[in-house]
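J.: If you scroll down you'll find the structure; I have some questions about it.
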Amino acid sequence: MAKIFCIANQKGGVGKTTTTVNLAAGLAQLGQRVLMVDLDPQGNATMGSGVDKRSLALSVYDVLLESASVAEARTRSDKLMAAGCGYDILGANRELAGAEVEMVELERRERRLKNALTAVDADYDFVLIDCPPSLSMLTLNGLCCAHGVIVPMQCEYFALEGLTDLVNTIKQVKANLNDKLLIIGLLRVMFDPRITLQQQVSDQLAAHFGDKLFDTVIPRNVRLAEAPSFGLPGVAFDPGSKGAQAFVAFAAEMLRRLPK
Ligand code: ADP
Ligand code: MG
C-alpha cells in the first residue's frame, strides 16, 4: 500500500514545493516508487520536476473532474530518469484554479483525489502531494487522502502562529473526513544557524514538538533555489550540494520512521 503524504503549510514561500520535489527525488534515489501530485495551480512542482505545465495534455484538474484517470494523466521527465531519481508526476497548471469553483456542485467533492489514487495504489511506495498555500478545497482533497502531513517551516517568529491554524484544520479533517490523518512531522527548512533567532525558534520547536520534529534540518542553500530553473530538483541538479545532501538524508529519515 502506498504511503500518501501531503506537504502543507498555508503560508506561501515556506519551502513546500522545494520539499516535495526533493523528497520525491531523494526517495526515488533510495529505490522507492514515487508519484508526485501537484495540487497548486501555480504548477511549480510540475515545472521543477522537468515537465512543462503549458504543454500538459492531461493534469490533476482532469483527474479531479473525473474526465481522466491518474494512469492516463501521469507523466515522467526524461531528465529526471537520466539523473537516477525519476518519479511519476501528476502535473498541474492554471486550469486547476477553476476546479475549485467547478467542484462546488459536485457530491463528495473533497474525496475526488482519494478515489482517483485508489486505482494506482499498488504502483507506488509513496505518493507526495504538493499543496497550495491555502486551506482550500484543493488542500482538503489532499488531506482527505493522506496518511500524514509533512509541514515545512522556516524558523521565524511568525512561523509558529500560522502553525496553529494548520493544526486546527488537520484536527477538523481528522474528526470529519479522514480519521487516519496525522502530522508526521515538522521540517525545518532554509535554516541558517548563524542567525540567533532561527536557533532559538528551532530550540522552541524541539521543546514543544519533541519527536514530531524531524532530526534532519534543510539548510539555506542557493543550489536548491537555482535547480527549478533547470527543471530539476536540487537532489538531481547538484547532488553534491549541502541542500541536496540534506534532502537525501531527510528521505532516509522518512524511511527509518515508517512502521515496518
Ligand atoms: P512554497 O512552495 O511553500 O511556496 P517554495 O518551495 O517555492 O515554497 O520556496 C520558496 C522560495 O524559496 C523558492 O524560490 C525556493 O527556490 C526557495 N527555497 C526553498 N528552500 C530553499 C533552501 N533550503 N535554500 C534556499 N532557497 C530555498
Ligand atoms: Mg509551492
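The values are calculated or read from the model by the stated rules, or taken from the named source; none is laboratory data. This is a predicted model, so every value here is computed, not measured. Ideal geometry is used to build each Cβ from the backbone, glycine not excepted, and the neighbour counts take in all protein chains shown. Heads up: the accessible areas ignore ligands, DNA and RNA and are worked out on the full protein's heavy atoms, side chains in. Shrake-Rupley method; radii C 1.70, N 1.55, O 1.52, S 1.80 Å.
J.: Would you pull out the residues with amide H under 5 Å of Thr216's amide H, same chain only if 5 or more places away, H placed 1.01 Å from N?
T.: none
J.: Let me have the 222 nm mean residue ellipticity of the chain computed from DSSP H runs of 4+ only, each contributing -39500 (n - 2.57), with the sum over all residues rounded to the nearest 500.
T.: On the way: 13 runs with 112 residues, N = 260.
After summing the helix terms and dividing by the residues of the chain, the value is -12000 deg cm²/dmol.
J.: Could you give the alpha-carbon Rg of the chain over 2.2 N^0.38 Å, rounded to two decimals? List each step's numbers first, then the result.
T.: Details: Rg = 17.1 Å, N = 260, 2.2 N^0.38 = 18.2 Å.
Against the compact-globule rule of thumb, the ratio is 0.94.
J.: Is the C-alpha gyration tensor of the range 191-260 telling us rounded, prolate or oblate? Criteria: a/c under 1.5 is rounded; beyond that, a/b larger than b/c is prolate, otherwise oblate. Write out the running numbers ahead of the final one.
T.: Values: a/c = 3.08, a/b = 1.30, b/c = 2.37.
Oblate, because a/c is 1.5 or more while a/b does not exceed b/c.
J.: Now a separate question. Could you work out the relative contact order of the chain, using alpha carbon pairs under 8 angstrom and six or more residues apart, expressed as a whole percent?
T.: Numbers: 535 pairs, mean separation 69.0, N = 260.
Relative contact order of the chain: 27 percent.
J.: Ignoring ligands, DNA and RNA, what percent of the 1.4 Å accessible area of the range 1-118 is carbon and sulfur? Don't skip to the end; give the middle numbers.
T.: On the way: 2310 of 4950 Å².
Roughly 47 percent, rounded to a whole number.
J.: Only Cα pairs under 8 Å and at least 6 apart count here; give the relative contact order of the range 1-140 as a rounded whole percent.
T.: 42 percent
J.: If I require 24 Å or longer along the helix axis, counting alpha carbons, and a Kyte-Doolittle average no lower than -0.5, what helices from the chain are left? Use full DSSP H segments. Walk me through the intermediate numbers first.
T.: Working: long enough: 159-176 (26 Å, 0.04).
The answer, listed by residue number, is 159-176.
J.: When ranked by the protection proxy of mean other Cβ atoms within 10 Å per residue, highest first, what sequence do the peptides 220-233, 35-48 form? List each step's numbers first, then the result.
T.: On the way: 220-233: 19.0, 35-48: 25.7.
The packing order, highest mean first, is 35-48, 220-233.
J.: Follow-up question, since we're still on this one. 5 Å is the cut-off here: which amide hydrogens, built 1.01 Å from N in the peptide plane, fall below it relative to Val127, excluding neighbours closer than 5 in sequence?
T.: Here the answer is Lys3, Ile4, Phe5, Leu35, since their amide H atoms fall under 5 Å of that of Val127.
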